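Novice: Can you read through this structure? Questions will come right after.
The values are calculated or read from the model by the stated rules, or taken from the named source; none is laboratory data. What you see is a predicted model, and the numbers here were worked out from it, not measured in a lab. All Cβ positions, even for glycine, are placed from backbone atoms using ideal geometry, and neighbour counts span all protein chains on display. Side chains are part of the model used for accessible areas, which takes the heavy atoms of the whole protein and leaves out ligands, DNA and RNA. Shrake-Rupley method; radii C 1.70, N 1.55, O 1.52, S 1.80 Å.
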Amino acid sequence: MNNKLNNNIYTEQYLLLAFISVITFKVVMLAQYLVSAAGNEAYITMTVMISIELVMCAVVYGIIRHGSITSLPLPKPLKYVFAVALFFTSMAKCVLLGSEGISYISTTIYDNVRWSYVCLALMLVCCYLAYKGGKVIARTAQIFFWLMAFSFAFHVVFAQTDLDFINLLPFELSADIAVAGDKYLIWFGDYSCLLFFSLSAPPNANGKRLVLWTILAIAGTLLCAVGLMIIFICIFGDSGAIVGNAFLNVSSLNKIAFMIGSMDLPTVCSWVVMCTIRLSLLLFAAKECLKVFFGEKWWLSVVSTLLAYFLTVYGVGNLKTSYSLATSVLRYFVYLTDFVIVIAATIFVRIKYKSLKKDAVLPPPATPALKDSSTQGEA
């Protein structure tokens, strides 16, 4: 299973993975954090930052059409620098953002279970998916897509919320929007792990179908991130600054819940699946970075997972510490590193493959004709 084709995915799978990667940790604690910093303007911050991410996902798509970042013919020193930087950023996000998922599972699904137990169970699954490679992660996402779609449709159909749109007013562009985006940078930029895939054309490629899936992916991302932010503000207003787990609190307000009790199981299950896939993508990216130095080894995913486990349980240990680290100066390094590497890889691909196209178009150089020896003799 561990071969060069193991990370090849179709465009539809890329769109689904990009959606999961971008959305997963923006629907947990981020809504609370943005409201605490930007108030009723938090949805503007979310809109701007999500739009940047969608553009960068499109840039990543343009890169991996030529192959994953580890398979591109980059100069070796540059490839090593990229591998070290992306390994660090992948592990940082896995630890800091994964802490939110572990905290949620240990306090909401269970009754204050120790982090070490929850983290161990979660990391074992993620380690296996990272070891199997990108194709298996993409297929897993495809299988559980219908669970996510059912959960979303269920809460749209049975939603019963009193939205107070006055909470969105007054509409003004203040400095708080930029302050919120700057402070919570590490919750954005979720596209670098997608650099380690290679795109291949599906056997039944259909241009119209691809356009439809692209539109649905973009609309779904904006709806789930920005839409949830708007609904969250309309329901809770400024008090949203003390309300965590936005997706759970919003989804619990439905007609079925008012009649028979809590109906948040579909939402919880779908988000736990998304969390598992997202963490698997980060561990997969970390493993691919190590592969640049050590080659194809089965233990690379184990090493990445063990490092993430010990940093999460013994290095972070609680949500307060995770928040402090995520909002420290570390956020600039993580966000800007991912951004700069993607831009640098794009420039390299443009220059490299543009020159190859030019060489293919130019005719071969003419060779001088040889004179006939008999003709020379007669002359």
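Novice: Would you check if there is a residue in the stretch 314-323 being at pLDDT below 95, under 24 Å from residue 50 (Cβ atoms) and within 20 Å of the chain's Cα centre (by Cα)?
Specialist: Yes, the stretch 314-323 contains at least one residue that is at pLDDT below 95, under 24 Å from residue 50 (Cβ atoms) and within 20 Å of the chain's Cα centre (by Cα).
Novice: Okay, moving on. Do we find a residue being touching a Ser or Thr at 6+ places or on another chain (Cβ under 6 Å) and not in a helix (DSSP H, G or I) anywhere in the stretch 70-83?
Specialist: no
Novice: State all residues of the stretch 195-241 that are open to solvent by 50 Å² or more (accessible area, probe 1.4 Å) and within 19 Å of the chain's Cα centre (by Cα); if no residue qualifies, say none.
Specialist: Of everything in the stretch 195-241, those that are open to solvent by 50 Å² or more (accessible area, probe 1.4 Å) and within 19 Å of the chain's Cα centre (by Cα) turn out to be 213, 215, 216, 218, 219, 222, 223.
Each row is one residue, and each column tells you yes or no for (1) in contact with a Lys or Arg (Cβ under 8 Å, 6 or more places away or on another chain); (2) within 26 Å of residue 11 (Cβ to Cβ); (3) touching a residue at least 24 places away in the same chain (Cβ under 8 Å).
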site	(1), (2), (3)
36	no, no, yes
42	no, no, yes
48	no, no, yes
58	no, yes, no
63	no, yes, yes
74	no, yes, yes
79	no, yes, yes
88	no, no, yes
91	no, no, yes
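Novice: Now, a different point. Looking at 132, 183, 93 in this structure, which one is surrounded by 22 or more Cβ atoms within 10 Å (Cβ to Cβ) and among the basic types (Lys, Arg)?
Specialist: The conditions single out 93.
To keep it simple, each residue is scored yes or no on (1) under 24 Å from residue 23 (Cα atoms); (2) open to solvent by less than 20 Å² (accessible area, probe 1.4 Å); (3) of a type in the set (D, E, K, R).
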| position | (1), (2), (3) |
| --- | --- |
| 267 | yes, yes, no |
| 272 | yes, no, no |
| 275 | yes, yes, no |
| 279 | yes, yes, no |
| 299 | no, no, no |
| 302 | no, no, no |
| 312 | yes, yes, no |
| 320 | yes, no, yes |
